[in-house]
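A quick write-up on the structure given underneath.
Derivation of every value follows stated rules applied to the coordinates shown; laboratory data play no part. In this text, all values refer to a predicted model and were calculated from it rather than measured experimentally. Backbone-built Cβ (ideal geometry, glycine too); neighbour counts: all protein chains shown.
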Amino acid sequence: MRLVSHPVLCNYYVTYRCNASCSFCDIWERPSPYVTLDSARQNLRDLKKLGVRVVDFTGGEPLLHRQLPELLQEAKQLGLITTVTTNALLYPKQAERLRGLVDMLHFSLDSPIAEEHDRSRGVQCFDKVMESISIARQLGERPDILFTVFEYNVQKIRQMYDEICLPNDLVLILNPVFEYNDVETGAHFSDDTLRQMTWWGKQKNVYLNDAFVQLRRDGGNHVEDPICRAGSTTVVISPENKIVLPCYHLGLKEFPIDNNLYDLYRSDDVQKLVALEGRLPGCEGCSINCYMQPSFAVELNKYFWQALPSTLKYNWIKGTWKQLL
């Protein structure tokens, strides 16, 4: 049973450019402009009109966009929940300007050991994450640690939790790695690793959407009976100011917005692609977290019930439940 029929999330790619070169990502390889503040103002108003509640200003590295604080301010003035994930290289310089504008601020950290994290990111950024944690706490911010889980680093969760998250009172978000395009991510998890992630997700100040684990046990999305609702739950906007459908990673078609996002999204051409969500050949076996999470929230099924406890837990900790009422 469908509970929500309108999009709830926008993945707003402010640029594809990045100052890191992560081994499990190919976004940084793409040439890219930056979104303009004028186009974003109109788009954010239209997103609000469409029913979107959360805007994820993403990239690339979103802090490369010099007007990110202004973009966040526009969203906040509309009552939208904002989220930003950063490698933290630029956060110390921009922290004051970002203060109070990001409801869910995530610092990416994939190992509690500097050399391991820096190797996976292709740049030395571990020390910047540590510095950013200190600065954010001084400013009264509440960042989270976003830990991308691989088969080879699951054993490092304990050290990350004990040495970095607990002493700094940070939420640890477990983000199971996923495969897409031709990127080699090593996304195949053993049963033992899936069990470990589930156990950790039940611990204090640890967030893991347990439906992610179930989806992997089920072999991901299946086109004959899709769980993915990427097109109808998530609006993807590119740095070129286009809607990307059915999702960023599949990216079959892009539609120029031309200051008319509301009508464009509701148009026949867009809705025909939306109707194919989860049913296209490239959708088979997909388990991409950023599209599955909103998919789990809009339809009453087993994934909805498995996702609900962790979703309530995280929003209670962060206080964002008040904005979702």
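For His106, list long-range residues whose amide hydrogen, built 1.01 Å from N in the peptide plane, is under 5 Å from its own amide hydrogen.
Val84, Thr85, Thr86, Asp144
How far apart, in nm, are the 7 Å Cα→Cβ label points at Arg158 and His6?
My value for the distance between the label points is 4.8 nm.
In a GNM of the chain with a 10 Å cut-off on Cα contacts, which of Asn19, Asn260, Asn43 has the highest mean-square fluctuation?
Looking only at Asn19, Asn260, Asn43, the largest GNM fluctuation is found for Asn260.
Where the centre of each part is set by its Cα atoms, how far does the range 1-30 sit from the range 275-317, in angstrom?
So the two Cα centres are separated by 15 Å.
Using modelled amide H (1.01 Å from N, peptide plane; none on Pro or chain starts), what sits under 5 Å from the amide H of Val149, excluding residues fewer than 5 places away?
When sequence neighbours closer than 5 places are left aside, the close amide H contacts are Asn175, Val177.
Calculate, for Arg266 and Lys93, the FRET efficiency according to 1/(1 + (r/R0)^6) with r their C-beta to C-beta distance and R0 30 Å; round to the nearest 0.05.
0.15
Only bridges whose two residues both fall in the chain count here: according to DSSP, what percent of them are antiparallel, nearest 5?
Of those bridges, close to 20 percent are antiparallel.
Taking C-beta distances below 4.7 angstrom as the pairing criterion, name the unpartnered cysteines of the chain, in sequence order.
So far as the 4.7 Å Cβ criterion goes, Cys10, Cys18, Cys125, Cys165, Cys228, Cys247, Cys283, Cys286, Cys290 stand without a partner in the chain.
Mind checking which aspartates and glutamates have their Cα closer than 16 Å to the Cα of Lys49? Skip sequence neighbours fewer than 8 apart in that chain.
Cα-Cα hits under 16 Å: Glu74, Asp263.
What is the extension gain from His222 to Ser21, computed as 0.36 nm multiplied by their sequence separation minus the C-alpha to C-alpha distance, in nm to one decimal?
69.2 nm
Taking the Cα centre of the range 36-125 as origin, sum charge times position over the Cβ atoms of Lys and Arg (+1) and Asp and Glu (-1), and report the length of that vector in debye to the nearest 20.
About 420 debye.
Quick check: net charge around His117, other residues with Cβ under 11 Å of its Cβ, Lys/Arg +1 and Asp/Glu -1?
Spelling it out: positives minus negatives among the neighbours equals -1.
How far apart, in nm, are the 7 Å Cα→Cβ label points at Ile317 and Leu37?
Placing both labels 7 Å along Cα→Cβ, they lie 3.5 nm apart.
Would you grab the residues whose amide H sits under 5 Å from the one on Val171? Only those 5+ places off in sequence or on another chain, please, with H modelled 1.01 Å from N.
Ile145
Quick one: Karplus J couplings for the range 235-245, per residue in order, coefficients 6.51, -1.76, 1.60, θ = phi - 60°, nearest Hz, x for Gly and Pro?
For the range 235-245, the Karplus curve yields 9, 9, 10, 8, x, 7, 6, 10, 7, 10, 10 Hz.
GNM on the chain, C-alpha springs below 10 Å: top fluctuator among Arg119, Arg30, Arg41?
Comparing Arg119, Arg30, Arg41 in the GNM, the peak value goes to Arg30.
Would you mind telling me which residue in Pro246, Pro112, Pro309 has the biggest mean-square fluctuation in a Gaussian network model of the chain, where springs connect alpha carbons within a distance under 10 angstrom?
Its mean-square fluctuation being the largest, the pick is Pro309.
What relative contact order, as a whole-number percentage, does the chain give when Cα pairs under 8 Å and 6 or more residues apart are counted?
Rounded, it is 20 percent for the chain.
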